[in-house]
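First the structure, in the form of structure tokens, and then the observations on it.
Nothing in this text is a laboratory measurement; each read-out follows from the coordinates by a stated rule. The structure presented is a predicted model; accordingly, all values stated were derived computationally and were not measured. Here Cβ is always computed from backbone atoms with ideal geometry, including for glycine, and neighbour counts include all displayed protein chains.
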Amino acid sequence: PRPILLTRHGESLDNVHGTIGGDTVLSDAGELYAKKLAKFVEKRLKHEKTASIWTSTLQRTILTANPIVGFPKIQWRALDEINSGVCDGMTYEEIKKNMPEEYESRKKDKLRYRYPRGESYLDVIQRLEPVIIELERQRAPVVVISHQAVLRALYAYFADRPLKEIPHIEVPLHTIIEIQMGVTGVQEKRYKLMD
Ligand code: F6P
């Protein structure tokens with residue numbers, strides 16, 4: 001069996017401010033997570049010479065991967081967070097107040113709702129297809145450092161969760177989800193590295 005490690009980036013300044021999207025750097029807590037993740041990965045994959053680290057093209061995932069040494073790193077645009085279009089940079093409160101119809105339509109159908117000039121969960125699921133094909137093809141372990149919406153979709157694929165659950169799956173910060181792909185099926189472990 002070979003592990004696939006899924007994790008969100010360390011806490012970002014946008015996370016601290018409660019704003020969605022963006023491309024900010026990490027908070028102090030996020031930086032600390034990056035260091036802890038590096039230690040975890042280096043220990044867990046010590047004997048896995050061919051493992052690789054996949055990030056999105058956004059700073060917060062690249063910075064989270066930074067302290068990890070000894071493995072090749074690959075950036076995928078398909079691993080970027082859901083594009084929140086005109087709502088990028090807003091808090092949920094601001095969307096509710098300034099664009100109440102958008103807020104309500106998303107609440108009603110979070111899976112299909114597409115942000116104006118942005119994406120829906122279904123769009124994200126579709127653009128992840130090449131990433132999933134490549135993940136399946138790999139024989140070596142892969143560490144995927146990405147974002148909340150994207151990891152919900154990836155996790156659902158491996159854990160065989162129904163489509164309608166995807167936008168609501170819990171993928172907390174500072175937690176590693178380890179998926180073991182074996183002949184007997186898929187097993188899962190979660191490691192919470194920080195509170
Ligand atoms: O808040 C962090 C974040 O990654 C945002 O950038 C993104 O829009 C959001 O989570 C996705 O989660 P949800 O679909 O629940 O709004």
Cα to Cα, under 26 Å, and not fewer than 8 places away if on the same chain: which lysines meet these conditions relative to LYS39?
LYS49, LYS73, LYS189, LYS192
More than 21 angstrom separation, counting every C-alpha pair in the chain; what % is that?
50 percent
Where GluC sites (Glu not before Pro) fall in DSSP loop in the range 112-191, at most 15 other Cβ within 10 Å
GLU170
Please list, by residue number, every one of the trypsin sites (Lys or Arg not before Pro) in the range 115-195 that is coil in DSSP and has at most 11 other beta-carbon atoms within 10 Å.
ARG117, ARG139
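Of all alpha-carbon pairs in the range 80-168, indicate the percentage at a distance above 18 angstrom.
In whole percent, the long-distance tail amounts to 47.
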Using only the Cα atoms of the range 9-76, each taken as one equal point scatterer with no solvent, compute I(q) by the Debye sum, divide by I(0), and report log10 of the ratio at q = 0.15, 0.16, 0.28 Å⁻¹.
-0.48, -0.53, -1.20
Alpha-carbon centroids, the range 161-195 and the range 81-116: separation in whole Å:
25 Å
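Return a whole-number percent for the relative contact order of the range 82-173, with Cα pairs under 8 Å and 6 or more residues apart as the contact set.
On the way: 83 pairs, mean separation 24.3, N = 92.
Answer for the range 82-173 is 26 percent.
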Cα-centre dipole for the range 93-141 with unit charges at Cβ (Lys and Arg positive, Asp and Glu negative), debye to 20
80 debye
Calculated [θ] (222 nm, deg cm²/dmol) that DSSP helices of n ≥ 4 give over the chain, each run adding -39,500 (n - 2.57):
-10500 deg cm²/dmol
Take the Cα of ILE132, step 7 Å along the line toward its Cβ, and report every residue of the range 86-117 whose backbone nitrogen sits under 20 Å from that point.
110-114
The answer for trypsin sites (Lys or Arg not before Pro) in the range 30-111 that fall in a DSSP coil and have at most 11 neighbouring Cβ atoms within 10 Å is LYS46, LYS49
Using 0.36 nm times the number of residues separating LYS35 and VAL69, minus their current alpha carbon distance, what extension gain do you get?
11.2 nm
